[in-house]
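Each value in this text was obtained by applying a stated rule to the coordinates, not by laboratory testing. Source: prediction; values computed, not measured. Here the Cβ positions follow ideal geometry from the backbone for every residue, glycine too, while neighbour counts run over all protein chains shown.
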Amino acid sequence: MTDDAARLSTLRGRVRGLMPTVRRDLEALTRIPSVSLDSFDQGLVDQSASAVAELLESEGLVVEIVREGGRPAVIGHLDGPEGAPTILLYAHHDVQPPGDDADWDSPPFEPTERGGRLYGRGAADDKAGIMAHVAALRAHAGGLPVGVSIFVEGEEEVGSDSLATILERHGERLRADAIVLADSTNWDIGTPALTTTLRGMVRVVVEVRALDHSIHSGMFGGAVPDGIMALTRLLASLHDDEGNVAVAGLRSGHAAELEMTEDQLRRDAGLLEGVQTIGTDSLLSRMWTKPSLTVIGLDAPSVDTSSNTLVPSARAKISMRIAPDESPRTAYEALERHLREHAPWGVHVDVRLDDEGEGFAAQAEGPIYDQARAAFEDAWGVPPVDIGVGGSIPFVAAFAERFPDAAILVTGVEDPDTRAHGANESLHLGEFERVCLAEAVLLDRLGR
Ligand SMILES: [Zn+2]
C-alpha cells in the first residue's frame, strides 16, 4: 500500500468508528431550537452556543463565546505543529424557524431517522456542518497536522448583521491560510461539489409619479397617464422578449457544464403545464452566472378597494441578482440609469437603493484547491464538480474581503433533497460520513 492509501485507510476507519458518537452529538444539537429570528426565545440560541463551545473544548480548543451586538458566535483555536498552516472552519449554529409543525412528518426538533436520512430542523443546515468540523478534529485526535481556528456563527439565518464587527474585532484570531465554509450543498448523492461562485444582489425601490393628486379616470383617461400604467411599462422594459435582463452594462458569465434538464427544473420549480422557461444560454448559466431581475413587491391600490381613478403614483421593489464578479455599485448604477431612461411620457422617477450584497467568485485553483479536490475524491471515489449558487451567502463575501490571501473553500452537507429552510429538512447519513471523511483527509493533506 502506498503511504497515501495507508493514511486514507486509517482515516476512513477512524471516521467510520466515530460516526455513532458524531451522530449522537448532532442529534443533541438538533434538539436545541436555536431559531435566531427575533420573535423566538433567544435563550435557546445562547444554549446552542454553549453546547457548541463544550464540544470544541472537549477537542482541546481554546474557546470563547463572542457577541458584538448580535447573536452569540463561538470562536475556537488550536495550535498546529511548528510551521504548519492554519485552517479556519466555519459553520453556523442558528436555524430557520420550523414553520407549521403539521407540515412535518416528525417533530422538527426531535431528530428522526427514516430511509437513511436524519430529519429535523438544523439536522443539515447547519448543525451537520458544525459536526463535520468536529468529526474531522476527532479523526486526528491528539495529532492534528495543522493549526485550526473555528468560527460558528449564531445569526446566519437572520442576515449576519454583526459579522462585519466580529471580523473586525476578532479577525486576527481567525487569520488562516485556508477557510472551509461548510454551509452549502453537494451536487447529488454520490457527487461532491465545491461551490465556487455565488451571485451578488442589488435591491431597489422605484417610485413613479405622474400626477399631484388622483383624478377621475372617465373625465381624464385617454389624455393623462397614471402611475400604474407608467410603472408597468417601465417594469416591462427590464426584460427582452425572451426574458433576458435588458439592463445595459451588466456583466454575465458562463456556468460549468453540468447536467440540468428542463424537466428537472420544471419539477423543482413547480412550473405549470405550458409555461416556458425564460432567458437564453444554459439553464445553469441563467441561474448561476447571468443577472436576473424580479419584481418582488408592488404598491398600488388593491383590486378590492380600487375605484375609477387615475392613480398619481405607484412603487415597486426590484430584486436583482448579479453575476458573481459584478460590483453591486456598478450594477445599481446601471439599473438606476435604465429606470430613468426608460420612464415613459416624462413621468417622474425616484430610485432608492434598499440593499446590496457582494457575489463571490473563488480563485478555484492552486495547491489548496488541488488538495481539496483530492480529499473529496478520496472520500467519494469521484472528483468534485464546481458548482454555483444563484443566491447570495453574505458571510462568504465577508470572509473573502477580510482575508483576501486565504483560499476559500465553500463545502457543504446538503444534497438536492435536503429541503433546508423547509418542512422535513433532512441530512443524508451516508453522504454525511463522506463529508466528515473528506474534511479529515483535507486537514491531513494540508498538514503534509
Ligand atoms: Zn446555512
Karplus-derived 3J(HN,Hα), 6.51/-1.76/1.60, for each residue of the stretch 150-158, Hz, glycine and proline x = 9, 10, 10, 6, x, 8, 4, 6, 10
Between the stretch 336-359 and the stretch 93-134, the alpha-carbon center distance in angstrom | 41
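Using the 10 angstrom Cβ neighbour count as an exposure proxy, how do K127, K317, K290 rank, fewest first? Kindly include the intermediate steps, with their values, before the conclusion.
Details: K127 33, K317 17, K290 25.
In increasing order of surrounding Cβ atoms, one gets K317, K290, K127.
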Relative contact order of the stretch 1-106, pairs being alpha-carbon contacts under 8 Å that are 6 or more residues apart, as % | 22
Please give the helix 3-30 orientation as an angle from the longest Cα principal axis of the chain, in degrees from 0 to 90, rounded to the nearest 10.
-> 60
Find how many whole Å separate the alpha carbon centroid of the stretch 1-34 from the alpha carbon centroid of the stretch 235-261.
-> 42
Integer Hz, Karplus 6.51/-1.76/1.60 couplings in order for the stretch 122-132, x for Gly and Pro | x, 4, 9, 8, 9, 5, 5, x, 4, 5, 5
Ellipticity estimate at 222 nm from DSSP helix runs (n ≥ 4, -39,500 (n - 2.57)) divided over the chain, nearest 500 = -10500 deg cm²/dmol
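Output the relative contact order of the chain, whole-number percent, from Cα pairs under 8 angstrom with separation of 6+ residues.
Details: 942 pairs, mean separation 112.7, N = 448.
Once divided by the residue count of the chain, the mean separation gives 25 percent.
So how do 418-425, 112-119, 270-277 stack up, highest first, on mean other-Cβ count within 10 Å?
Details: 418-425: 18.2, 112-119: 16.2, 270-277: 8.6.
By packing density, highest mean first, the sequence is 418-425, 112-119, 270-277.
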Largest fluctuation, V224, V208, V152 only, Gaussian network model of the chain with Cα springs under 10 angstrom, belongs to V224
Given backbone amide H placed at 1.01 Å from N, residues whose amide H is under 5 Å from that of A314, ignoring those fewer than 5 places away on the same chain, are V208
Using r as the Cβ-Cβ distance of S327 and A6, and R0 as 56 Å, what FRET efficiency do you calculate, to the nearest 0.05?
-> 0.70
Helix 367-380 vs. the chain, principal-axis angle (Cα, 0 to 90°, nearest 10) | 80
Computed FRET efficiency, Cβ-Cβ of M19 and W345, R0 45 Å: what is it to the nearest 0.05?
-> 0.10
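For each of I322, I189, I393, count neighbouring Cβ atoms within 10 Å of the residue's Cβ, then give the residues from fewest to most. Walk me through the numbers on the way to the answer.
Working: I322 32, I189 13, I393 21.
Going from least to most buried by this count: I189, I393, I322.
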Please give the residues of the stretch 82-104, grouped as numeric ranges, whose backbone N is less than 14 Å from a label point set 7 Å along the Cα-to-Cβ vector of R419.
-> 98-104
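Rounded to the nearest 0.05, what FRET efficiency is calculated for E172 and D354 with R0 set to 22 Å and r the Cβ-Cβ distance? Write out the running numbers ahead of the final one.
Details: r = 33 Å, r/R0 = 1.52.
Step by step, r from the Cβ atoms, then E = 0.10.
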Springs between alpha-carbon atoms under 10 Å, Gaussian network over the chain: tell me which of P225, P85, P111 tops the mean-square fluctuations.
-> P225
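Compute the length gained on full extension between E377 and D188: take 0.36 nm times their separation in residues and subtract their Cα-Cα distance, giving the result in nm to one decimal.
On the way: separation 189, 0.36 × 189 = 68.04 nm, distance 1.44 nm.
Length gained between E377 and D188: 66.6 nm.
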Between D188 and residues 5 or more places away or on another chain, the pairs with built amide H atoms under 5 Å apart involve none
Among F432, F360, F40, determine the one that fluctuates most according to a GNM of the chain built with springs between C-alpha atoms less than 10 Å apart.
-> F40
